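The structure under discussion appears below in the form of structure tokens.
Each value in this text was obtained by applying a stated rule to the coordinates, not by laboratory testing. Predicted model, so just to flag it, every value in this text is computed and none were measured. Here Cβ is always computed from backbone atoms with ideal geometry, including for glycine, and neighbour counts include all displayed protein chains.
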Amino acid sequence: RGDAIAAEALHRETLARRRTVIAERGDPSLDLTSSLNNLALALRDQGRADEALPLLEELLILRRERHGDPHSRVATALGNLALVYSSLGRQAEAEPLFLESLAQVRQLFGDDHPKMASALLNVAGNLRDLGRLEEAVPLARRGLELRRRWLGPGHPERLAAQRYLAAMLLRVGEVEESEELLRDAIERRQAGAGPPHPDLARDLSVLAEVLAARGGLEEAERIARRALALDRQLLGEEHPRVADGFFRLGRLLADRGFVEPAAEAFRSCLERNEARLGPEHATVRTVKQRLEALSQPP
């Protein structure tokens with residue numbers, strides 16, 4: 001957490017200095033794009049997508065002016081901007097950006113290039129969020145196929161693609177294949193030396209959902225608690241994934257009939273989401289509804 005804050009401060013200072021130099025010299029050839037990109041991604045990775053958004057919008061304009069279409073840097077800028085729109089719940093605005101990024105990658109590199117995997121998975125994830133799973137699953141399968149072709153068995157991006165597909169398969173009822181993909185990813189992540197990878201918590205969170213769908217609520221709760229503990233340790237208390245983890249835990253506890261622990265988890269989620277999103281946001285309203293439902297007689 002401290003490293004992320006320090007990196008943000010450095011990127012913010014660098015961007016401000018470059019803006020000052022450009023203003024003083026009036027030289028349009030000086031490049032802001034790397035500074036914009038670095039600061040935007042630092043903010044996004046801290047869960048501050050709303051602050052990253054205007055920087056990425058400016059970045060896309062500058063890269064198009066500098067490089068034209070199609071270009072690999074334009075395709076990357078399109079994809080990063082779309083990811084931020086999606087994380088803000090603006091999937092309809094993200095979709096054309098994801099599709100344009102995919103089209104540029106295909107035109108530049110062809111259908112079998114490693115870059116196609118990320119572009120396909122991005123489109124698939126957005127389609128999933130729009131509820132169009134029948135379109136999303138084949139794209140996610142193709143993305144995983146490409147990552148398996150180009151990356152080693154324990155590569156983080158390959159394992160992330162497994163989780164992506166597993167989460168979608170869960171939603172279409174393919175629970176057994178979903179669990180198999182997740183357990184394989186978790187085993188490979190844990191086999192490496194050093195501290196846990198931040199995506200281990202994501203894998204565990206989806207596995208908890210799979211186990212709950214199969215009726216294994218006790219094991220699901222244990223795994224959800226472990227995922228939440230990892231996110232709190234690695235990302236800090238203010239990160240959106242921590243709030244999401246409390247919500248998942250509250251839902252599992254409620255399903256097990258543990259009313260007060262569930263309410264405590266939902267309150268922890270609500271506190272974080274209200275601070276980040278404001279009291280009228282749809283996500284905040286959903287958590288409040290869950291709390292109200294717990295207070296109703298069975």
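Estimated from the Cβ-Cβ distance and a Förster radius of 41 angstrom, the FRET efficiency linking Leu133 and Arg66 is about 0.60.
Each stretch of four or more DSSP H residues adds -39500 (n - 2.57); spread over every residue of the chain, this sum gives -27000 deg cm²/dmol at 222 nm. Sorting 7-19, 166-178 by average packing, meaning the other beta carbons within 10 Å per residue, from highest down gives 166-178, 7-19. The slack in the chain from Arg73 to Ala6, taken as 0.36 nm per residue of separation less the alpha-carbon distance, amounts to 21.5 nm. Principal-axis analysis of the Cα atoms of the chain puts helix 217-235 at an angle of about 30° to the longest axis.
Extension gain for the segment Glu93 to Glu24, taken as residue separation times 0.36 nm less the Cα-Cα distance, is 21.2 nm to one decimal. The residues neighbouring Leu53, those whose beta-carbon lies less than 12 Å from its own, together hold a net charge of -2 under the Lys/Arg +1, Asp/Glu -1 convention. Against the main long axis of the alpha-carbon atoms of the chain, helix 199-213 sits at an angle near 40°. Overall, the stretch 1-133 carries a charge dipole of about 100 debye about its Cα centre when +1 sits on the Cβ of Lys and Arg and -1 on the Cβ of Asp and Glu, all other atoms neutral. To the nearest 10 degrees, how steeply does helix 240-255 sit against the main Cα axis of the chain, on a 0 to 90 scale? Relative to the chain, helix 240-255 is tipped by roughly 20 degrees.
Taking the Cα centre of the chain as origin and assigning +1 to Lys and Arg Cβ atoms and -1 to Asp and Glu Cβ atoms, the resulting dipole is close to 380 debye.
Placing dummy labels 7 Å off each Cα toward the beta-carbon, the span from Asp255 to Arg183 is 1.8 nm. Given that just one value was derived from the coordinates, which of (i) 1.08; (ii) 0.99; (iii) 0.96 is Rg/Rh (Cα atoms, Kirkwood Rh)? So the calculated entry is the one marked (ii). Each peptide among 278-289, 152-163 gets the average number of other Cβ atoms lying within 10 Å of its residues, and from highest to lowest they stand as 152-163, 278-289. If only the Cβ of Lys and Arg carry +1 and only the Cβ of Asp and Glu carry -1, the dipole of the stretch 172-222 around its Cα centre is close to 280 debye.
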